[in-house]
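J.: Before I ask anything, let me first share the structure, which is written out below as structure tokens.
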Amino acid sequence: MPRRPTPALTALLAALALGAAATPAQAAGDPLLAEQWALSTPTATGAAEAWTQSRGDGVVVAILDSGVQLDHPDLAANLWSNPGEVAGNGIDDDRNGYVDDVHGANIISPGASAGDDEGHGTHVAGIVAAPGSNGVGGSGIAPAARIMSVKVLDANRVGNSSLLARGIRYAVGEGARILNISLNGDGTSPDLDDALRYASDNGATVVTSAGNNSRNLDLTPSYPASSTLPAVLSVTATEQSGSLLSIANRGLNSVDIAAPGATILSTARGSSYELRRGTSMAAPFVAGSLALLSAARPDLSQSALRDALLASAPRSGLLAGLLGSGSLDVGAAMHRVLPGSMWRATAAAGPADAAAAAAKVKVLAKARIRAGRAATVRWRASGDAGVTRWRVLLDGRAVATVAKGERSMLRKRVSRTGKHRWKVVGVDAAGATVASAAKSFRVVRTS
């Protein structure tokens, strides 16, 4: 039978380019940081407080959008790299269906570049993870996170729900557990619903823009923001005053959280910078915030981190009745996941801090196993005097806690084919992370 067409995601971008040129500020580390009000104003997102504990080190955030300018001077250093792929050899080295997907994949034209021929994805990526303190441009909210480019929109901002669904499956299959989708459409489709469920089942969070139609999503849905799956976080946008952006969608039961979305300065196609507004800009602040929390507490599930983010979002009378929680405050969320003695003082480092800095762990695992067989992970540590126990995570979910001095290995049967990821985290008596490392592997079908 003929395939039913999927809803078009044309004119779906929840962003409006303002076309304003940015004037460089004189901040030493990031010259444009003073122009980024959502980061430089302490109460806007709580980023400064969260940065005392985490920069999002190594956490992968997938940007499902128009692509990312891969050679942008303020993005290139933070690109995710596929460990199973050899650049430019024209071969699908890791057998995931995409040739040369070194920094992500072009879902529209598999094998083609995941670069940006429109500009929207580059702006979104910079909000998440433009490197900080590098003397170039501005900063992302998670300045040490990694950006995976998943191109699902063409140069005319056109895509469809099937492309988006395949993009979601690619990102999750390659190990991303935080996905940013700053696009909207009026309808959904079975394959998109199934892909969102796949992400949820694999412990991922899908952060979505609420859309820019000035409408109530409780009455008129927009997808994927209106998905009822708990893994989907719908984000609306606020002005610098804290009030709802005039074009932003709302919904007491459909929108989860608000974040800055007015005059947002970020990276632009052409190795430059530009201002944009909309819920497309708000969503990546939330995605980057989850990266900060995930780096600080790699032992916690994405659902626990989502709960912390929503529970700590302050409610304002300006947003009363418009959404389910309040405005983003990642600093408060960081206090929630690092309570009491787990919060590291920012004073000069003492002996304990030096010991923690010296701790290293190496994770060892076979690169490929057959479905249904046990996957084995081993780890070796040095300088780990402060470690009291090791937490072992598989695909972002804790599967074991091993006391220091016991076995340094674990076996777990894995049936789902595709890419998986071990992570081993050493924690001290207070529960703070002392060392961590990860290793990816692939499960293949039995012949």
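J.: Wrap a convex hull around the Cα atoms of the chain, take a quarter of its surface area, and give that in square nanometres.
T.: 21.5 nm²
J.: What number of lysine-lysine pairs in the chain show an alpha-carbon separation below 19 angstrom, given a sequence spacing of 8 or more or placement on distinct chains?
T.: 16
J.: So how strong a dipole does segment 351-444 carry about its Cα centre when Lys and Arg Cβ are +1 and Asp and Glu Cβ are -1, to the nearest 20 debye?
T.: It works out to roughly 860 debye.
J.: Taking only DSSP H segments of four or more residues, each worth -39500 (n - 2.57), what value at 222 nm results for the chain once the sum is divided by all its residues, to the nearest 500 deg cm²/dmol?
T.: Theoretical 222 nm ellipticity from helices: -6000 deg cm²/dmol.
J.: OK, next. So how do 98-106, 279-287, 186-194 stack up, highest first, on mean other-Cβ count within 10 Å?
T.: Ranked by mean Cβ neighbours within 10 Å, highest first: 279-287, 98-106, 186-194.
J.: Continuing with the same structure: With the crude spin-label approximation of a point 7 Å out along Cα→Cβ, what separation in nm comes out for Lys412 versus Asp93?
T.: 2.6 nm
J.: Okay, next question. Please report, in cubic angstrom per residue, the volume enclosed by the convex hull of the alpha-carbon atoms of segment 237-281.
T.: Convex hull volume per residue, Cα atoms: 70 Å³.
J.: Set the Förster distance to 35 Å, then compute FRET efficiency between Ala320 and Asp201 from the Cβ-Cβ distance, nearest 0.05.
T.: That pair, Ala320 with Asp201, gives E of 0.50.
J.: Same structure again: In debye, nearest 20: dipole of the chain around its Cα centre with unit charges on the Cβ of K, R (+) and D, E (-)?
T.: For the chain, the charge dipole is close to 2100 debye.
J.: Residue-wise, which Karplus ³J(HN,Hα) couplings in Hz belong to segment 32-49, taking 6.51 cos²θ - 1.76 cosθ + 1.60, θ = phi - 60°, and x for glycine or proline?
T.: 9, 4, 5, 7, 9, 4, 5, 10, 7, 8, x, 8, 5, 9, x, 4, 4, 5
Every number in this text was worked out from the coordinates using simple rules, so none of it is lab data. For clarity, every value in this text was computed on a predicted model and none was experimentally measured. Cβ: placed from backbone, ideal geometry, glycine included. Neighbour counts: every protein chain shown.
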